[in-house]
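Worksheet: the structure to be examined is printed underneath.
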Amino acid sequence: MEADTRIGVDVGGTFTDVVVATESGLSMLKVPSTPAAPDRGVLDGLDAARDTTGVDPSDVTFFGHGTTVATNALLEREWAETALVTTEGFRDAVEIGRQTRPSLYDLNAEKPAPIVERHRRHEVPERLDRRGEVVTPFDESAAREVAERIAEGDAESVAVAFLFAFEDDAHERRMRDLLVEAGVEGEISLSSEVLPEIREYERTLATAINAALKPVMNRYLGRLEEGVADAGVPAPVKVMQSNGGVASAAATRDRPVNTLLSGPAAGVRGAAHVAGAAGFDDVLTMDMGGTSCDVSLVRDGDPVVTTEGQVGDYPVTVPMVDVHTIGAGGGSVAWVDEGGSLRVGPKSAGADPGPVCYGRGGTEPTVTDAHCLLGRIDPDAFFEGSADEAAVRDAVAAQVADPLGLSVAEAAQGIVDIANANMERALRVVSVERGHDPRDLSLVAYGGAGPLHAAELAAELDVPRVVVPQTAGVLSAHGLLISDAVYEEGVSAVRPWSEVDPADLTERFESMAAEGRERLAAEGYPPDRRRFERAVDLRYRGQSFDLRVPVPEGRLDADALSTVADRFHERHERRYGHASPDEPVELVTVRLRSRGVVDPPELAVTGDGETEPDPGTTRTARFDGDAIETPVYDRGTLAPGATLDGPAVVEGGETTVVVPPAASAHVDDWGNVVVEP
């Protein structure tokens, strides 16, 4: 038992991952997820950590959690009944949306279901102009009637989104007061607090999503906090946010919309940390679990953050790590479509029953089953009672090989090849399509299935190296332990940059910093652990998109604003290939990131290991149709400096690394397996 223990628990579609950090190093384990009650899986992970590592719950000083509860509720449309109050005439903006269509020529395309049904959408006469000046006074009488109708209804939560409330939130705050006075007992979300930024549809949608998810997250976090406390853990629950930082459970309850990419953000943050320690600041990240594959980009050591994200059918413009997700995981089901073509995913066998090789009742062949037949993984390593190879072979033969006229081995290779093609396209989206050359990047592969595919993907993309962290199978949980507390505030103030008063902008930043300072102090971060990062979103006049530009610290003056404008021109040139320094620049949004800095646990290499290890065994593995007797190494026996020539398989407790015949690999000083295709 050791003091100062940190625990990170990330819930995935198939497994719940746990990392325990003590003074002696990191311990990692997995337990099956419990989709019907995700908090149960978290508590199972905590129990397993106690039983496996002997950690005393009372010594836990940090408990971080990555969750998919908000994401699943949005994707599955299992949100709370919600009411919406808007400016008169804008009741339907949240349903009309934008004119952009995902399938331009699809005559049968359907819009996503509105977060708030029309009969629960209400209007109040009031209006501000773009500078926050009152055009139509707030109609108290009409607002009271709306509040009373909502109180008499069945809505669990209410969203309020008035025009230009980010310039002056007085009308929204008054509406909230009237709702409370009318007896509304549900949660109330104001757009001026959730997302005080321009673009009416996106701001209203984010507020509606936040309101719809509040009761869901309240119930979940209530059960989780109670369970963690009952287990004897004194540390408060911290939840990973979509922006790559953790926040208190109370802040998460108030802004659940900020957790829609909780798990993926933790993984990208962990990947950035591990790669940075190894000397690679510019990397692609690839998290392939049981259900999906998340890919992202890290530049200069920091995950790329966007305000143009999308979750399912809904654009979500809160700050989030720029993650591109596809339905390609170890549990992705292989099937033959009506045209006789082999397809993989997006359907997944999930955690229960899982792939056929799990021996838990699964009957549909998956990517994991294909690897089993190709000799790249050992199914007995998953669970006691795993299915024998004959059961896997029969499933692939009946549902894939026979319908396509292929051998079982050819079908298995085809399943892996198609999964690779899907992931290669995803990696190109976040690199080539955004102006980044993969040859200048490394690929960090993690998740239970990522390192099985990474070397082949790197070879196709001409990525020079693959980094497989020591904690690759549980990197999202590891990422929770190294993530700072991060609170982001952004307020739109659209006006010509030439009209911005440096003193007013300084005052705005200082006001936002005071709020951030108060939040961080409440969570126990001393002054020397607080950081504040200023930025503004700028654009050329007439543009509909903007770029984020850092702003110097301290009191701002005309020279500082000129420097910011120069930075904008430079970034525009780098991003789009051109700039127009003579064109007027426009301020869009003022942003401040408040950060509570943590000391990450050491990336210590555990175990003795050898630099010239002998394989524990060999087995026949197939690569491009050739059956090759392949050495199989236990990752725990590989010390820093160990080198391997492909083909080779490196088996760890949570993931397996495949080194193809033409590749080589070595173990670096931080315990990463570095594969060079």
Matching option when the condition is surrounded by fewer than 16 Cβ atoms within 10 Å (Cβ to Cβ) and within 25 Å of R495 (Cα to Cα), among P125, P137: P137
3 or more residues of a type in the set (D, E, K, R): qualifying helices (runs of 4 or more DSSP H) within the stretch 151-264: 170-181, 200-230
Pairs with Cβ under 7 Å, 6+ apart, first in the stretch 108-119 and within 16 Å of P315 (Cα to Cα), second basic (K, R) and in a loop (DSSP other than H, G, I, E, B): A113/R77
Residues satisfying the stated conditions in the stretch 538-557, i.e. touching a helix residue (DSSP H, G or I) at 6+ places or on another chain (Cβ under 6 Å) and not in a loop (DSSP other than H, G, I, E, B): L538, L547, V549
Filter result for P581 (out of contact with any Gly (no Cβ under 7 Å at 6 or more places or on another chain) and either in contact (Cβ under 8 Å) with a residue 24 or more places away in the chain or assigned to a loop (DSSP other than H, G, I, E, B) (or both)): yes
Evaluation of A445 against (1) among the small types (G, A, S); (2) at pLDDT below 95; (3) assigned to a strand (DSSP E or B) (one fails), failing number: (2)
Residue among G8, G45, G41 that alone is buried (at least 19 other Cβ atoms within 10 Å of the Cβ) and under 17 Å from the mean Cα position of the chain (by Cα): G8
Residues located in the stretch 479-524, provided they are of a type in the set (S, T, N, Q) and assigned to a loop (DSSP other than H, G, I, E, B): S483
Residue count for the stretch 225-242, restricted to those that are buried (at least 24 other Cβ atoms within 10 Å of the Cβ) and within 23 Å of the chain's Cα centre (by Cα): 4
Only one of V632, V675, V667, V659 that is more than 19 Å from M28 (Cβ to Cβ), surrounded by 22 or more Cβ atoms within 10 Å (Cβ to Cβ) and touching a Gly at 6+ places or on another chain (Cβ under 7 Å): V659
Hey, A271 in a helix (DSSP H, G or I) and crowded, with 24+ Cβ neighbours inside 10 Å or not: yes
For S511: the one exception among (1) closer than 21 Å to F164 by Cβ; (2) buried (at least 24 other Cβ atoms within 10 Å of the Cβ); (3) among the small types (G, A, S): (2)
Residue within the stretch 86-104 that is part of a loop (DSSP other than H, G, I, E, B), over 34 Å from the mean Cα position of the chain (by Cα) and surrounded by 15 or more Cβ atoms within 10 Å (Cβ to Cβ) present: yes
Residues located in the stretch 464-479, provided they are surrounded by 24 or more Cβ atoms within 10 Å (Cβ to Cβ) and modelled with pLDDT of 95 or more: V466, V467, V468
Any chance E460 is among the charged types (D, E, K, R) and farther than 27 Å from P660 by Cα: no
Members of the stretch 37-64 found to be in contact (Cβ under 8 Å) with a residue 60 or more places away in the chain and among the hydroxyl-bearing types (S, T, Y), listed by number: S58, T61
Output for the stretch 298-311, where each listed residue is over 12 Å from the mean Cα position of the chain (by Cα) and surrounded by 15 or more Cβ atoms within 10 Å (Cβ to Cβ): V298, T307
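The values are calculated or read from the model by the stated rules, or taken from the named source; none is laboratory data. Please read these numbers as outputs of a predicted model, since none were measured by experiment. A quick note on method: Cβ atoms are made from the backbone with ideal geometry, for glycine too, and the neighbour counts reach across all protein chains shown.
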